[in-house]
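**Q** Mind having a look at this structure? Questions to follow.
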Amino acid sequence: MTDAPVLLDVGDGVAIVTLNRPDAMNSLDVATKVLLLETLRQVADLDSVRCVVLTGTGRAFCTGQDLKEHIGLLRSSSSGPRLSTVEEHYNPIVTALVEMPKPTVAALNGVAAGAGASLALACDLRLVADTAGFNFAFANVALSCDTGMSWTLQRIVGRARALELLYFPRTVGAEESASLGLATTVVAPEDLVGETAALAGRLAAGPTVALASIREAVTFAGDHPFAEALATEARLMNRTGGTADHEAAVAAFVAKQKPVYEGR
């Protein structure tokens, strides 16, 4: 296996993006953040990719900021924002995930903590090994939350529970994660790869433009008035109504056949 901190494997319409710093619990140093952003932007532009999976190697999914590197940066910083990495790295990374023009899946092989939890929540669906969990650990190091956490977490669990989880960080196990909506599905660790492949394959075989448009519509409607949500639905209906996949689906329906989608 390569020593690169982020691995990319593309096949059968699925891009698997793997955080690869197992000895550091897949924590995020600058090199990893730069390569992760580059990789996400790369797969976003690949027409051959119709679903993106984010996962990790070793015992953790991602434990957030690499604090060993971070303390050195704090000590060497003499001027300017001490946490410029949020604007330089974390914000672009999570934006690339949230605005990915194809479905995204987080496969949690282990704990997702801090910004690692934020990355998982930014994905559309989350498959969680029953030995894994979430820890919203920012307050433990006297920091605010970042990487979209203030936006995603409360939309999943509600404002009051989001504040509780952020004020009093703890590891939320897989079963509780499922009950809160943090985990889409909980699986046995030995089944995570197979279940993720099956889900990603199903998404990759779907009408990619329509799936991305559904996500865009739901996201927009979450914080806009009803009339604006209707206008967005109409715009996205016009977009998807002009796709080859829509035409194929209608023809297949009339012919009483199963449609085959090309993702365009």
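**Q** Anything in the chain that counts as a DSSP H helix reaching 15 Å or more along its axis (C-alpha) with Kyte-Doolittle mean of at least -1.0? List them, would you? Numbers along the way, then the final one.
**A** Working: long enough: 30-44 (21 Å, 0.97); 192-204 (17 Å, 1.02); 208-221 (20 Å, 1.18); 226-241 (22 Å, -0.11); 244-254 (16 Å, 0.91).
The answer, listed by residue number, is 30-44, 192-204, 208-221, 226-241, 244-254.
**Q** Considering the chain as a Gaussian network with a 10 Å cut-off on Cα pairs, which listed residue, Leu119, Leu199, Leu143, attains the greatest mean-square fluctuation?
**A** Between Leu119, Leu199, Leu143, it is Leu143 that shows the largest mean-square fluctuation.
**Q** Looking at Val128, Ile93, Ala217, which one has the Cα that reaches farthest to the positive end of the dipole of region 93-224 (charges on Cβ: Lys, Arg +1; Asp, Glu -1)?
**A** Ala217
**Q** So if I place +1 on the C-beta of Lys and Arg and -1 on the C-beta of Asp and Glu, and nothing else carries charge, what would the dipole magnitude of region 208-254 be about its Cα centre? I want it in debye, nearest 20.
**A** Dipole magnitude for region 208-254 comes out near 60 debye.
**Q** May I pose another question? Taking the Cα centre of the chain as origin and charging only Cβ (+1 Lys, Arg; -1 Asp, Glu), how large is the dipole, in debye to the nearest 20? Mind dumping the intermediate values first?
**A** Details: 21 positive and 29 negative charges, 70 e Å.
Dipole size: approximately 340 debye.
**Q** Under 10 Å, Cα contacts only: if you run a Gaussian network model on the chain, which one of Lys68, Lys33, Lys102 comes out with the highest mean-square fluctuation?
**A** Fluctuation is largest for Lys68.
**Q** May I pose another question? Percentage of Cα-Cα pair distances in region 208-254 greater than 12 Å, rounded to whole percent?
**A** Details: 676 of 1081 pairs.
Pairs farther apart than 12 Å: 63 percent.
**Q** Please work out whether region 104-152 counts as rounded, prolate or oblate from its C-alpha gyration tensor, where a ≥ b ≥ c are the square roots of the eigenvalues and a/c under 1.5 means rounded, while otherwise a/b larger than b/c means prolate and anything else oblate?
**A** Values: a/c = 3.37, a/b = 1.43, b/c = 2.36.
It comes out oblate by the Cα gyration axes.
**Q** Continuing with the same structure: Which one, Gly133, Gly116, Gly242, has the greatest fluctuation when you compute a Gaussian network model over the chain with C-alpha springs under 10 angstrom?
**A** Residue with maximal mean-square fluctuation among Gly133, Gly116, Gly242: Gly242.
**Q** Turning to a different aspect of this structure: Among Phe253, Ala4, Leu199, whose Cα projects farthest towards the positive end of the dipole of the chain, with charges put on the beta-carbon of Lys, Arg (+1) and Asp, Glu (-1)?
**A** My answer, from the dipole projection, is Phe253.
**Q** Let me ask something additional. Name the lysines eligible as straight-distance cross-link partners of Lys258: C-alpha to C-alpha under 22 Å, and not fewer than 8 places from it in the same chain.
**A** Lys102
Throughout, read-outs are computed from the coordinates displayed, never taken from laboratory work. These numbers come from a predicted model, not from an experiment. Cβ atoms come from the backbone with ideal geometry, glycine included; neighbour counts cover every protein chain shown.
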